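Novice: Here's a structure for you.
The values are calculated or read from the model by the stated rules, or taken from the named source; none is laboratory data. Only a predicted model underlies this, so the values are computations on that prediction, with no experimental measurement involved. Every residue, glycine as well, gets a Cβ built from its backbone with ideal geometry; the counts of neighbours run over all protein chains shown.
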C-alpha cells in the first residue's frame, strides 16, 4: 500500500487527492497544512466572500465528511520544515518525521509585504487567507477611506469590492499601467477608465514611501514625491512569493523561486511532484518554463499530479485559463499574455456595454487572449475557437 504525503493545504492539494483516488482507492493519504482551515477557493476572498455574499462553508472545496470518506488524514496547523530525499521523509516543525513513498509539494504562495516604514501598522492588510479576508471585511464600511497599493488582479478586485460596499477607494500603482501583465497600454487604459467610471481614483507611477500614523493609528500614505493619501484602511496587493524557501537546502531544483518540474510535474527528486503556485513547469503553449498563481492552474495541476503519483505518468498539457470580475465586467484570460509582439483589440470598448477581445501575438502566432464580457455577449464559440487557435499556435496576420 502506497503512502502519499501532500505538503500544502490549498486547491492543488485537494485536487491531488481527487487524482490519487481516481486510480488508487487504498493508498494512505496524509496532508500537512500550515493553515488551520480545510482547503477553500481563494478567488472569493477578494470578491464574494469579502463582499459578504458567500460564507466560509460555501467557499470550501470539500466538506469534512468528504475527506473522511476518502480516508485522508489531515494535519491542520502543521508546518513542514525540511525534506530528506534519501530517507524519503519530511520533518515537521514539531520534529516529527513523516515517511513517504510518493510526495506532492503544493505549498502555495505568501503575499509580499510593503517594504516601507509603518507596514505593520494595524489597518494595513494583506489578502491571501480566509482569516485575512474576514478581518478586512470587518472594516470595509460605507465611507471608509481605502487605499489599495498595487494595480494587478488582487488589488483591482479588492478595489471593486470595497467600492461596491460604499468605501472611498484609491488605487496606487508603482508602474505606468494597471494590469501591467496585459502588456498593452490601450487595454490597461480601458480598464483604468472603467474603474474610474465607478468612482475609484487610480494613480499610476506612484511609489509609496511610508505608512502614516498618529498615536499608533493609521492615517494614510505618503509617496516618494510627498503626495498624501488619507486612509482608514490600506490593502497591499503587490504580488506573492512561492513558499519554497524551506526547501533551499534540500537539493531540489529551484528557479526564480519555483520548483522546477518536467512535463509530468515531477521534480528532480525521485517520487516527488510539485503543483500549483510553486511549480515552474513547461508551458504547453510557449514550451518555455512558467510559474502561475491562478485558480485554474492549481486545480488542473493538482489533479494531474495526483494521477501521476498513482501511476498514470501523463503529461500536463492543459492550457492556462482564468477569469476575474470587476463590478459587472467579466474578464477571461487564455494562454500567455506576456511579452507579445503585438496586441490586437477587437470589438466594442464602450464603457456602458463593453464587448471586446484582445489577441496576443508572438512571431505571428496566437499565444493568448483577453475577453471582456464573454458570457453576457454569448461568445462561447469564440472562446472555444481561441482555445483551439492558441493550442495550435495559429498564424495571425499583422494588424
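Novice: With the condition being within 20 Å of the chain's Cα centre (by Cα), under 30 Å from residue 266 (Cα atoms) and touching a residue at least 24 places away in the same chain (Cβ under 8 Å), I'd like the strands (runs of 3 or more DSSP E) fully within the range 282-399 carrying at least 1 qualifying residues. So that I can check it myself, show each step before the final result.
Specialist: Working: elements: 321-326, 329-335, 342-348, 355-362, 365-372.
Correct list: 321-326, 329-335, 365-372.
Novice: Suppose we keep only residues that are surrounded by fewer than 17 Cβ atoms within 10 Å (Cβ to Cβ) and within 15 Å of residue 74 (Cα to Cα) within the range 33-60. Which one would you say is nearest to the chain's Cα centre (by Cα)?
Specialist: Within the range 33-60, the match that is nearest to the chain's Cα centre (by Cα) is 37.
Novice: Turning to a different aspect of this structure: Spot the failing condition for residue 93; the list is (1) out of contact with any strand residue (DSSP E or B) (no Cβ under 7 Å at 6 or more places or on another chain); (2) farther than 30 Å from residue 165 by Cα, and only one is missed.
Specialist: Tallying (1) out of contact with any strand residue (DSSP E or B) (no Cβ under 7 Å at 6 or more places or on another chain); (2) farther than 30 Å from residue 165 by Cα, residue 93 fails exactly one: (1).
Novice: Ok, one more. Against the conditions (1) touching a strand residue (DSSP E or B) at 6+ places or on another chain (Cβ under 8 Å); (2) outside the structural domain of residue 270 (by TED's automatic domain parsing), where does residue 133 fall short? Just the number, please.
Specialist: Failed condition: (1).
Novice: Hey, does the range 204-227 have a residue that's under 28 Å from residue 123 (Cα atoms), touching a residue at least 24 places away in the same chain (Cβ under 8 Å), touching a helix residue (DSSP H, G or I) at 6+ places or on another chain (Cβ under 9 Å) and not assigned by TED's automatic domain parsing to the domain that holds residue 181?
Specialist: No, every residue in the range 204-227 fails to be under 28 Å from residue 123 (Cα atoms), touching a residue at least 24 places away in the same chain (Cβ under 8 Å), touching a helix residue (DSSP H, G or I) at 6+ places or on another chain (Cβ under 9 Å) and not assigned by TED's automatic domain parsing to the domain that holds residue 181.
Novice: Would you confirm, using the coordinates I've provided, whether residue 114 is surrounded by 19 or more Cβ atoms within 10 Å (Cβ to Cβ), in contact with a strand residue (DSSP E or B) (Cβ under 9 Å, 6 or more places away or on another chain), within 30 Å of residue 149 (Cα to Cα) and at pLDDT 95 or above?
Specialist: For residue 114, the condition - surrounded by 19 or more Cβ atoms within 10 Å (Cβ to Cβ), in contact with a strand residue (DSSP E or B) (Cβ under 9 Å, 6 or more places away or on another chain), within 30 Å of residue 149 (Cα to Cα) and at pLDDT 95 or above - is met.
Novice: Would you check if residue 255 is within 29 Å of residue 114 (Cα to Cα) and out of contact with any helix residue (DSSP H, G or I) (no Cβ under 7 Å at 6 or more places or on another chain)? Steps first, answer last, please.
Specialist: On the way: within 29 Å of residue 114 (Cα to Cα): yes; out of contact with any helix residue (DSSP H, G or I) (no Cβ under 7 Å at 6 or more places or on another chain): yes.
Spelling it out, residue 255 is indeed within 29 Å of residue 114 (Cα to Cα) and out of contact with any helix residue (DSSP H, G or I) (no Cβ under 7 Å at 6 or more places or on another chain).
Novice: With the requirement that a residue be modelled with pLDDT under 95 and under 27 Å from residue 189 (Cα atoms), what does the range 199-218 give you?
Specialist: none
Novice: So how many residues does the range 164-182 have that are crowded, with 19+ Cβ neighbours inside 10 Å and touching a residue at least 40 places away in the same chain (Cβ under 8 Å)?
Specialist: 4
Novice: Looking for something assigned to a strand (DSSP E or B) and not assigned by TED's automatic domain parsing to the domain that holds residue 294 - is there at least one such residue anywhere in the range 262-274? Full working, then the answer.
Specialist: Applying the first criterion (assigned to a strand (DSSP E or B)) to the range 262-274 yields 266, 272-274.
Applying the additional criterion that residues be not assigned by TED's automatic domain parsing to the domain that holds residue 294 yields none.
Within the range 262-274 (the criterion being assigned to a strand (DSSP E or B) and not assigned by TED's automatic domain parsing to the domain that holds residue 294), the answer is no, since none of the residues qualifies.
Novice: Of the residues 251, 237, which single one is out of contact with any strand residue (DSSP E or B) (no Cβ under 8 Å at 6 or more places or on another chain) and either within 26 Å of residue 307 (Cβ to Cβ) or surrounded by 20 or more Cβ atoms within 10 Å (Cβ to Cβ) (or both)?
Specialist: Being out of contact with any strand residue (DSSP E or B) (no Cβ under 8 Å at 6 or more places or on another chain) and either within 26 Å of residue 307 (Cβ to Cβ) or surrounded by 20 or more Cβ atoms within 10 Å (Cβ to Cβ) (or both) holds for just one of 251, 237, which is 251.
Novice: Which number in (1) under 21 Å from the mean Cα position of the chain (by Cα); (2) more than 30 Å from residue 209 (Cβ to Cβ); (3) surrounded by 19 or more Cβ atoms within 10 Å (Cβ to Cβ) marks the one condition that residue 83 misses?
Specialist: Failed condition: (1).
Novice: Just name the residue that is nearest to the chain's Cα centre (by Cα) out of those in the range 130-143 that are surrounded by 19 or more Cβ atoms within 10 Å (Cβ to Cβ) and closer than 15 Å to residue 237 by Cβ.
Specialist: Looking at residues that are surrounded by 19 or more Cβ atoms within 10 Å (Cβ to Cβ) and closer than 15 Å to residue 237 by Cβ, I get 133.
Novice: Same structure, new question: Of the residues 366, 356, only one is crowded, with 20+ Cβ neighbours inside 10 Å, at negative phi and not assigned by TED's automatic domain parsing to the domain that holds residue 22; which?
Specialist: That would be 366, the only listed residue that is crowded, with 20+ Cβ neighbours inside 10 Å, at negative phi and not assigned by TED's automatic domain parsing to the domain that holds residue 22.
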